[in-house]
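Engineer: Below is the structure I would like to discuss, written out as structure tokens.
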Amino acid sequence: MASGDNMEAVAASMTRMEKLLEKIEDNGRTEDVVHKKRTDGHKVYCRMRVNIITIGDIDTIREEFTCELALTVKWKEPALKGMKAEDIDWGEQWDPRIYFFNAVSTDKYEVKKRLGLKSPDDDEDDPVPDAQLSIRMKGVFKSSMKLNEFPFDYQNLTIKIMSDWPRKVTEFCKDMSQKDSVRTDTFTGEQEWELQKHVSAHQVEEEKMTSGAVNAYPLYNVVVNVKRKASYYMWNVALIMFLITPLAFTSYAVSADAPEDRLSVTLTLLLTAVAFKFVVSQSLPNTSYQTLLDYYVLWCMMFLCLVVVQNAVASLFSSDKVWEHFDLPSLCVLGGLTVLVNIIFIIISCYKSRKVGHQMQQATSKYNDLCEEIKSNKGRSRNYKESTMGEMSIQEERAPLSNPDPPREKGRYEKV
């Protein structure tokens, strides 16, 4: 009796060991097994759908942003025809070999494969099933940011999805049965940015994806737009410089016969502007070119330099009419120049702000039109399916009912 119990325990432990070895084998598959080549030689069109779950920190200095997303990839797989979901060994099936091209680091990466649901457009008599790959990942992405119009700018936060298979094997396209989406309620950078409600997803054309490689590889870009809230920089940078600059005119209250007093006022203001520019630059993006705000700050500093030069030149005139012949004309010229530059800056700022808003409205309108097209396509497919089912039911009703169950031939279906 004891020996029988021992044998059962040994058998149970052997069964557990076999299952454990199978898991180890699955986890230790080679790349050749996981990325199995297709035997039919047909090109695979992968239908892509992206849901942006969270947009996190946006670092314009390092040109990086954090994002969590869910990617769904579907493709027609004849090899799965007639198979049940529980009978499929996904390790032996073809894989699109998808990876995120511009991902700097990955915090979470989950992959699931399953048999896709039947599409309304499938052939009723001979449907080809969909294979579905679901990826949920969170990571840091590198994206080029253009700051020429800073702080009235918007950024294209781009996620680049690529495949290790060449373009002749597979190609990416948008899934027209489901819309791409982005969640704005989980956005953590709302203090500085305004996350737009649209998503732009498209395949990069072949001529734009040229490299030194022999083969061209499919590339799919998912773009989310964020618009900068310029009020912070206008109140804390532009306004401060605007207040410092006119204070230079207070030097004209000092007589030209005391140049040291005049210069002490203007030089103090100039040094204040330089120190302020140095402090502010620590929080501004580092670029090799000048942004719109940089141009305004540089103009304010150049104006202070002009006032310093004017004070120095005025001290060279010993005439009693120095105010009438030099100070007054230079005061009028510098004052008019200051008013003109500030008016131009205000006009440009309003124009840039309206331009960015208009561009975002156009992108949102285009996204809404695409969503309506997807919705109408689903509606047409549903109506077609319902009409087909209705015709079939009508035909069944019109069928003769005199002999609904014809008698079997005697002995034909009998078990011999």
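Engineer: Looking at Gly116, is it buried (at least 16 other Cβ atoms within 10 Å of the Cβ) and either at pLDDT 95 or above or among the acidic types (Asp, Glu) (or both)?
Structural biologist: no
Engineer: Would you check if there is a residue in the stretch 219-231 being surrounded by 13 or more Cβ atoms within 10 Å (Cβ to Cβ) and assigned to a helix (DSSP H, G or I)?
Structural biologist: No; the residues of the stretch 219-231 include none that is surrounded by 13 or more Cβ atoms within 10 Å (Cβ to Cβ) and assigned to a helix (DSSP H, G or I).
Engineer: Next up: Any residue at all in the stretch 328-338 that's assigned to a helix (DSSP H, G or I) and in contact with a Ser or Thr (Cβ under 6 Å, 6 or more places away or on another chain)?
Structural biologist: No, the stretch 328-338 contains no residue that is assigned to a helix (DSSP H, G or I) and in contact with a Ser or Thr (Cβ under 6 Å, 6 or more places away or on another chain).
Engineer: Something else: Could you check, for the stretch 175-183, whether at least one of its residues is within 26 Å of Lys355 (Cβ to Cβ), within 20 Å of the chain's Cα centre (by Cα) and at pLDDT 90 or above? I'd like the intermediate steps shown before the answer.
Structural biologist: Step one: of the stretch 175-183, the residues within 26 Å of Lys355 (Cβ to Cβ) are 180, 182.
Checking the rest, the ones that are also within 20 Å of the chain's Cα centre (by Cα) come to 180, 182.
Imposing the further condition that a residue be at pLDDT 90 or above reduces the set to 180, 182.
Yes.
Residue-wise test of (1) of a type in the set (Ser, Thr, Tyr); (2) touching a Pro at 6+ places or on another chain (Cβ under 9 Å); (3) at pLDDT 85 or above.
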site	(1), (2), (3)
Gln282	no, no, no
Ser288	yes, no, no
Leu298	no, no, yes
His325	no, no, no
Ser330	yes, no, yes
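Engineer: Is one or more of the residues making up the stretch 76-86 in contact with a Lys or Arg (Cβ under 8 Å, 6 or more places away or on another chain), of a type in the set (Gly, Ala, Ser), under 21 Å from Val111 (Cα atoms) and assigned to a strand (DSSP E or B)?
Structural biologist: Going through the stretch 76-86, the residues in contact with a Lys or Arg (Cβ under 8 Å, 6 or more places away or on another chain) turn out to be 85.
Cutting the leftovers down to of a type in the set (Gly, Ala, Ser) gives us 85.
Adding the requirement that they be under 21 Å from Val111 (Cα atoms) leaves 85.
With the extra rule that they be assigned to a strand (DSSP E or B), the set shrinks to none.
No, every residue in the stretch 76-86 fails to be in contact with a Lys or Arg (Cβ under 8 Å, 6 or more places away or on another chain), of a type in the set (Gly, Ala, Ser), under 21 Å from Val111 (Cα atoms) and assigned to a strand (DSSP E or B).
Engineer: Which residue is nearest to Phe152 (Cα to Cα), if the candidates are limited to the stretch 251-272 and must be modelled with pLDDT of 90 or more and hydroxyl-bearing (Ser, Thr, Tyr)?
Structural biologist: Thr272
The values are calculated or read from the model by the stated rules, or taken from the named source; none is laboratory data. Not measured: the values here are computed from a predicted model. Note: ideal-geometry Cβ built from the backbone for every residue, glycine included; neighbour counts use all protein chains shown.
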